[in-house]
2 protein chains.
Amino acid sequence: MKKKSIKDIAQDLGFSKTTVSFVLNNKGDEKNISKKTQEKILAYVHEVNYQPNQIAKSLKKGTTNTIGYLVPDISNPFYAKIGRLIEDLLAAKGYHLIIGSTDEKQEKEDSLLNMFVNRQVDGLIVASCFENLGMLKTLAAQRFPMVFFDRESPDFNGNYILVENKDSMKLAVEKVILKGAKKIGLLSITPNVYSLKLRIDGYKQALIENSIEVDEDLIRIVETDDLKESTKTQLTSLMEQKVDAIAFTNNQITANAIWVMNTAFKADLNRMDFVSFDNIDLFDYSMPRVTSVAQPIPEIAHYLVDILEQVMQSDEEECKRIELKPKLIERL
Amino acid sequence: MKKKSIKDIAQDLGFSKTTVSFVLNNKGDEKNISKKTQEKILAYVHEVNYQPNQIAKSLKKGTTNTIGYLVPDISNPFYAKIGRLIEDLLAAKGYHLIIGSTDEKQEKEDSLLNMFVNRQVDGLIVASCFENLGMLKTLAAQRFPMVFFDRESPDFNGNYILVENKDSMKLAVEKVILKGAKKIGLLSITPNVYSLKLRIDGYKQALIENSIEVDEDLIRIVETDDLKESTKTQLTSLMEQKVDAIAFTNNQITANAIWVMNTAFKADLNRMDFVSFDNIDLFDYSMPRVTSVAQPIPEIAHYLVDILEQVMQSDEEECKRIELKPKLIERL
DNA sequence: ATGAAAGCGCTAACAT
DNA sequence: ATGTTAGCGCTTTCAT
């Protein structure tokens, strides 16, 4: 049995497509369709298990009830968890999620943005790498509903859900300073992401305010393309400098670094302290202990869909910028 | 400037929609469109940055180049990683991923399946809870392209990418027996998932073959709805029985259990051994040490899109069942 | 070498 | 109270 369309239903029952459509969309009463007709249609629709073609509906209405979720890597626990939360929040409002991972590459990001827009997503939630603003600015100019998170660009005016990067990192680093650390290294992925730059700034500020000289040679950048190997190289080099603490700017790099530390520097673990921006479950049981800056994930998810919904509904000009406070989790 | 459609392009240039469409789809030569016309159209299209409406295309062609990915929880690292891998594999073939989390509930699963089908996804990759086979059987009867993984139902004939559950679990449990464990508990989520039942069977088999009596009271099932609390309760009760090893049937429950162990039973960690089906990064650094059965994630992903593609292309009757071998990672 | 027109399945303004 | 019709943006057969 082939799939029935509204047309089939109408023909089978001897009504017009219009009547059937009205009934199916609960406009029966409003459109003065007789109770009897309504019941007849509903019964038949149920009998043949009619399923509306959402694509046709989308083409007609110009909306798809689909939201694009664009992040560097959907399997990163931070993005995965937020993804799960917004999936549920959006589902409650009738939206579905289509996902894309950009690998921090503007090229991939642009191509995915393009695809999503062509697929007529109704809105976009994105953790952009903000390397090249062209595509984003074009979309913004068209008033395409977008909300950004995790990352920010000072040159792009959009709706942002962010966390206090600089201050939080500063507070975290100060914890290990208070504990006695004197020579503190830092490991980060590409700092041309502004949020990461802020985290690095926080680290520096902590040193400065505590009269520790900022040594640029202790600030190491790993290559995103070859994270595992690059982390190992940089970390090894840092260890040779005899640092007594290390700060990491996100969960991904911390996880890799912990692995390296356990593999190659087990003996040093006890004399050192570690600080991570981002918190992952792992930190609760991992060796070494890691003091971490936990982003308020449920809150972020909540604001993301909240603001996106507002943007999709009203055509307001004003951009929102919401900055949330992370929670510092001490594990020293 | 409003978005241009093919019609606009045609009007602007004085050609027909047909001609423009042919050129846009690289059928210019095949359809004998003059070089000059082709160039003109291409140039203009580029100038105004024309973007085809994929929804319209989908409606016309009956395919959307979208694949539905349906799992219990997209933020579970196992599903997230596979998600990421198939996202990339599918992207290379022009497909996008639309995701749904079912929370192990058939109701949610059915509703998502329905939505995905109504949205005309071209295929489905699903880790079903297989609680009620109605919806799945209906889809299978319509020859809807689907590939299943991680879970299996003996009552449902579909394409499966699985791992050896029973044997792997048996081997893992035997490791701790060899190390001297005598009283081995087991913690699992809902065993009405057949794959989990197999893992439990493997556990039992290991005991039997090593002349250890199977004590049903040492086999504990946690409630999926309240995982954290239920894990705590069951684990505490198991610990009161003075078990000297515990086996867990998936990563989710192991992660929770590790947390409970660290919180409430730190003193017991050293005298005990742990075994987990599924491996997560965390196990490399966590206390306690956990011997784990690592599923071959990239291979699973690879087969998933491979088989799905085959199913979408040919209309072959035959169902495939691929069983992969996990890798045992000893950490005793 | 190019165009007219039908149609994918749906909605909704406008009849009747 | 129900039907006619146009149209969303695209592809494709059949004309010319």
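Taking the options A:THR291, A:THR249, A:THR263, name whichever one is within 11 Å of chain B (Cβ to nearest Cβ) and on the phi < 0 side of the Ramachandran plot. Talk me through it step by step, then tell me what you get.
On the way: A:THR291 fails: within 11 Å of chain B (Cβ to nearest Cβ); A:THR249 fails: within 11 Å of chain B (Cβ to nearest Cβ).
None of the others qualify; the one that does is A:THR263.
List, please: which pairs have Cβ atoms under 8 Å, are six or more places apart or on different chains, and start with a residue in the stretch B:53-64 that is near DNA strand C (Cβ under 8 Å from one of its atoms) and end with one that is assigned to a loop (DSSP other than H, G, I, E, B)?
B:LEU59/A:ASN53; B:GLY62/B:GLN120
Kindly indicate whether B:GLU152 is of a type in the set (Asp, Glu), out of contact with any helix residue (DSSP H, G or I) (no Cβ under 7 Å at 6 or more places or on another chain) and at negative phi.
Answer is no for this residue.
Residue-wise test of (1) part of a loop (DSSP other than H, G, I, E, B); (2) in contact with a Lys or Arg (Cβ under 6 Å, 6 or more places away or on another chain); (3) outside the structural domain of B:ASP226 (by TED's automatic domain parsing); (4) under 19 Å from A:LEU124 (Cβ atoms).
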| position | (1), (2), (3), (4) |
| --- | --- |
| B:LEU70 | no, no, yes, no |
| B:PHE78 | no, no, yes, no |
| B:LEU90 | no, no, yes, no |
| B:GLY94 | yes, no, yes, no |
| B:ILE99 | no, no, yes, yes |
| B:VAL121 | yes, no, yes, no |
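Could you figure out which of (1) in contact (Cβ under 8 Å) with a residue 12 or more places away in the chain; (2) not in a loop (DSSP other than H, G, I, E, B) isn't true of A:TYR50?
Against the list (1) in contact (Cβ under 8 Å) with a residue 12 or more places away in the chain; (2) not in a loop (DSSP other than H, G, I, E, B), A:TYR50 comes up short only on (2).
Do we find a residue being more than 14 Å from B:ILE86 (Cβ to Cβ) and either assigned to a loop (DSSP other than H, G, I, E, B) or not small (Gly, Ala, Ser) (or both) anywhere in the stretch B:300-309?
No, the conditions are met nowhere in the stretch B:300-309.
Kindly provide the set of residues from the stretch A:1-25 that are away from chain B (no Cβ under 14 Å), outside any helix (DSSP H, G or I) and near DNA strand C (Cβ under 10 Å from one of its atoms), ordered by number.
Hits for the stretch A:1-25 are A:SER16, A:ASN25.
Only one of B:VAL173, B:VAL121 is within 30 Å of B:THR63 (Cα to Cα) and surrounded by 16 or more Cβ atoms within 10 Å (Cβ to Cβ); which?
On the way: B:VAL173 fails: within 30 Å of B:THR63 (Cα to Cα).
Exactly one residue qualifies, and that residue is B:VAL121.
In this structure, does A:ILE74 turn out to be buried (at least 17 other Cβ atoms within 10 Å of the Cβ), within 17 Å of the chain's Cα centre (by Cα) and facing chain B (nearest Cβ under 7 Å)? Give the steps one after another, and end with the answer.
Working: buried (at least 17 other Cβ atoms within 10 Å of the Cβ): yes; within 17 Å of the chain's Cα centre (by Cα): yes; facing chain B (nearest Cβ under 7 Å): yes.
Here the answer is yes, as A:ILE74 does meet what is asked.
So that you can scan it fast, the table gives a plain yes or no per residue for (1) in contact with an Asp or Glu (Cβ under 7 Å, 6 or more places away or on another chain); (2) of a type outside the set (A, V, I, L, M, F, W, C):
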{"site": "B:GLN51", "(1), (2)": "no, yes"}
{"site": "B:SER58", "(1), (2)": "no, yes"}
{"site": "B:LYS61", "(1), (2)": "no, yes"}
{"site": "B:PRO72", "(1), (2)": "yes, yes"}
{"site": "B:LEU89", "(1), (2)": "no, no"}
{"site": "B:GLU107", "(1), (2)": "no, yes"}
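Could we say that A:ILE98 is under 11 Å from the mean Cα position of the chain (by Cα) and modelled with pLDDT of 95 or more here?
Taking the combined requirement at face value, the residue does not satisfy it.
Considering (1) surrounded by 16 or more Cβ atoms within 10 Å (Cβ to Cβ); (2) within 16 Å of DNA strand D (Cβ to nearest atom); (3) free of Cβ contacts under 8 Å to residues at least 60 places away in the same chain; (4) within 36 Å of the chain's Cα centre (by Cα), say which one B:ALA10 fails and leave the rest.
Unmet for B:ALA10, out of (1) surrounded by 16 or more Cβ atoms within 10 Å (Cβ to Cβ); (2) within 16 Å of DNA strand D (Cβ to nearest atom); (3) free of Cβ contacts under 8 Å to residues at least 60 places away in the same chain; (4) within 36 Å of the chain's Cα centre (by Cα): (4).
With (1) within 14 Å of chain A (Cβ to nearest Cβ); (2) surrounded by fewer than 20 Cβ atoms within 10 Å (Cβ to Cβ); (3) over 30 Å from B:GLU309 (Cβ atoms); (4) touching a strand residue (DSSP E or B) at 6+ places or on another chain (Cβ under 8 Å) as the list, and B:LYS228 as the residue in question, which single condition is left unmet?
Of everything listed in (1) within 14 Å of chain A (Cβ to nearest Cβ); (2) surrounded by fewer than 20 Cβ atoms within 10 Å (Cβ to Cβ); (3) over 30 Å from B:GLU309 (Cβ atoms); (4) touching a strand residue (DSSP E or B) at 6+ places or on another chain (Cβ under 8 Å), B:LYS228 misses just condition (4).
With the structure loaded, tell me whether A:TYR69 is of a type in the set (Phe, Trp, Tyr), more than 14 Å from the chain's Cα centre (by Cα) and within 14 Å of chain B (Cβ to nearest Cβ) or whether it fails that test.
So A:TYR69 fails the test.
Could you list, in sequence order, all residues of the stretch A:101-111 that are surrounded by 22 or more Cβ atoms within 10 Å (Cβ to Cβ) and under 22 Å from A:MET312 (Cα atoms)? Quick ask: steps written out before the conclusion?
At the first step, the residues of the stretch A:101-111 found to be surrounded by 22 or more Cβ atoms within 10 Å (Cβ to Cβ) are A:101-102, A:109.
Across the stretch A:101-111, the qualifying residue is only A:GLU109.
Between B:SER211, B:SER188, which is crowded, with 22+ Cβ neighbours inside 10 Å, assigned by TED's automatic domain parsing to the domain that holds B:SER237 and either farther than 30 Å from B:ASN132 by Cβ or not hydrophobic (A, V, I, L, M, F, W, C) (or both)?
Unique residue meeting the criteria: B:SER188.
With respect to B:GLY28, is the statement that it is facing chain A (nearest Cβ under 10 Å), surrounded by fewer than 22 Cβ atoms within 10 Å (Cβ to Cβ), assigned to a loop (DSSP other than H, G, I, E, B) and without any contact (Cβ under 8 Å) to a residue 40 or more places away in the chain true?
For B:GLY28, the condition - facing chain A (nearest Cβ under 10 Å), surrounded by fewer than 22 Cβ atoms within 10 Å (Cβ to Cβ), assigned to a loop (DSSP other than H, G, I, E, B) and without any contact (Cβ under 8 Å) to a residue 40 or more places away in the chain - is not met.
For A:LEU42, only one of the following conditions fails: (1) in contact (Cβ under 8 Å) with a residue 24 or more places away in the chain; (2) within 16 Å of DNA strand D (Cβ to nearest atom); (3) of a type in the set (A, V, I, L, M, F, W, C). What is its number?
(1)
Consider B:SER211 against the criteria (1) modelled with pLDDT under 90; (2) of a type in the set (Ser, Thr, Tyr); (3) at positive phi: it satisfies all of them except one. Which criterion is unmet?
(1)
Scanning for something within 14 Å of another protein chain (Cβ to nearest Cβ) and either of a type in the set (Phe, Trp, Tyr) or over 26 Å from the mean Cα position of the chain (by Cα) (or both), does the stretch B:271-284 turn up at least one residue?
Yes: the stretch B:271-284 contains one or more residues that are within 14 Å of another protein chain (Cβ to nearest Cβ) and either of a type in the set (Phe, Trp, Tyr) or over 26 Å from the mean Cα position of the chain (by Cα) (or both).
Any chance the stretch B:167-176 includes a residue that's among the hydrophobic types (A, V, I, L, M, F, W, C), within 14 Å of another protein chain (Cβ to nearest Cβ), in a helix (DSSP H, G or I) and touching a residue at least 40 places away in the same chain (Cβ under 8 Å)?
For the stretch B:167-176, residues among the hydrophobic types (A, V, I, L, M, F, W, C), within 14 Å of another protein chain (Cβ to nearest Cβ), in a helix (DSSP H, G or I) and touching a residue at least 40 places away in the same chain (Cβ under 8 Å): absent.
Being within 10 Å of DNA strand D (Cβ to nearest atom), part of a helix (DSSP H, G or I), surrounded by fewer than 16 Cβ atoms within 10 Å (Cβ to Cβ) and over 17 Å from the mean Cα position of the chain (by Cα): is that true of B:LYS60 here?
For B:LYS60, the condition - within 10 Å of DNA strand D (Cβ to nearest atom), part of a helix (DSSP H, G or I), surrounded by fewer than 16 Cβ atoms within 10 Å (Cβ to Cβ) and over 17 Å from the mean Cα position of the chain (by Cα) - is met.
The values are calculated or read from the model by the stated rules, or taken from the named source; none is laboratory data. Because the structure is predicted, anything quoted here is derived from the model rather than measured. Every residue, glycine among them, receives a Cβ derived from its backbone with ideal geometry; neighbour counts consider all protein chains shown.
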